[in-house]
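One structure is given below, encoded as structure tokens.
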Amino acid sequence: MNSIDKLSEIFGKFPGIGPRQAKRFVYYLLSRNNNFLSEFVSAVESLKKEVVQCNECKRFFAKNGHVSKSCSICSNETRDNSMLMLVPRDIDFEAVEKSGSFKGYYFVLGGVVPILEKEPEKKIRIAELKKHVEKRKGDLKEIIIAMNANLDGENTVQYLKENLDINGITLSVLGRGLSTGAELEYADPETLKSAFLHRTK
């Protein structure tokens, strides 16, 4: 396999990228000068060195001199510790946080549970989530499940409801300010605020 095909195969593994788009990325890189390519390679190599995963919420964040193993959100004691929002991916966390509608803490599940999935525990961080909820039970009053408004999102909500031990904790789901089929990362801030304010219990 030559380098064009190899790089196309790698890009093709990115979410939402098909073979033709992957090949376009490769030819775009070939059309750039050496400085651009060096900067691109350096940025990729720096990812694992400069970005770490938060011990608490499991999202990735840039260290930037940050010595704590918890991100700036989880180490912020001014946030509402009675509320925990569950989101599928880091990009969804960013969308919700950017909306400014939620002042509690987060947990990134790392994905969703597809319908008919035989091993759902391998698709999301359910074991880590259970430990996180148990650790915070004294303060936690509400868990908000923020999933994409599609079938896999709804299946994930059902799976979480069946597998979380939440005695005394309210479990709610984002309201349908989100249209059916919508993904959190593409929702505008006002839509996310509406979904948060009209969450169902």
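Of all residues assigned to segment 38-53, at least one qualifies as being surrounded by 13 or more Cβ atoms within 10 Å (Cβ to Cβ), in contact with a strand residue (DSSP E or B) (Cβ under 6 Å, 6 or more places away or on another chain) and either over 30 Å from PHE107 (Cα atoms) or not assigned by TED's automatic domain parsing to the domain that holds ALA127 (or both). Scanning segment 100-122 for residues that are farther than 18 Å from GLU142 by Cβ and small (Gly, Ala, Ser), which turns out surrounded by the fewest Cβ atoms within 10 Å (Cβ to Cβ)? Step by step, filter segment 100-122, then rank; the result is GLY100. Screening ASN64 against (1) over 30 Å from ARG136 (Cα atoms); (2) surrounded by fewer than 13 Cβ atoms within 10 Å (Cβ to Cβ); (3) not hydrophobic (A, V, I, L, M, F, W, C) leaves a single unmet condition, (1). Is it the case, given these coordinates, that LYS161 is at negative phi and modelled with pLDDT under 80? No: the conditions fail for LYS161. Within segment 155-177, the residues that satisfy the criterion of being in a helix (DSSP H, G or I) and surrounded by 17 or more Cβ atoms within 10 Å (Cβ to Cβ) are ASN155, THR156, VAL157, TYR159, LEU160.
Taking every residue in segment 36-60 that is closer than 20 Å to ILE73 by Cα and pairing it with any residue that is outside any strand (DSSP E or B) and among the hydroxyl-bearing types (Ser, Thr, Tyr), at least 6 positions away or on another chain, the pairs with Cβ-Cβ distances below 6 Å are CYS54/SER70; ASN55/SER70; GLU56/SER70. Checking each residue in segment 110-136 for being hydrophobic (A, V, I, L, M, F, W, C), touching a residue at least 12 places away in the same chain (Cβ under 8 Å) and touching an Asp or Glu at 6+ places or on another chain (Cβ under 9 Å) picks out VAL112, VAL113, ILE115, VAL133. Residues that are at pLDDT 95 or above and not basic (Lys, Arg) do occur in segment 95-105, at least one of them.
The values are calculated or read from the model by the stated rules, or taken from the named source; none is laboratory data. All values reported here derive from a predicted model rather than from experimental measurement. Methodologically, a virtual Cβ is constructed for each residue, glycine included, from the backbone with ideal geometry; neighbour enumeration extends over all protein chains shown.
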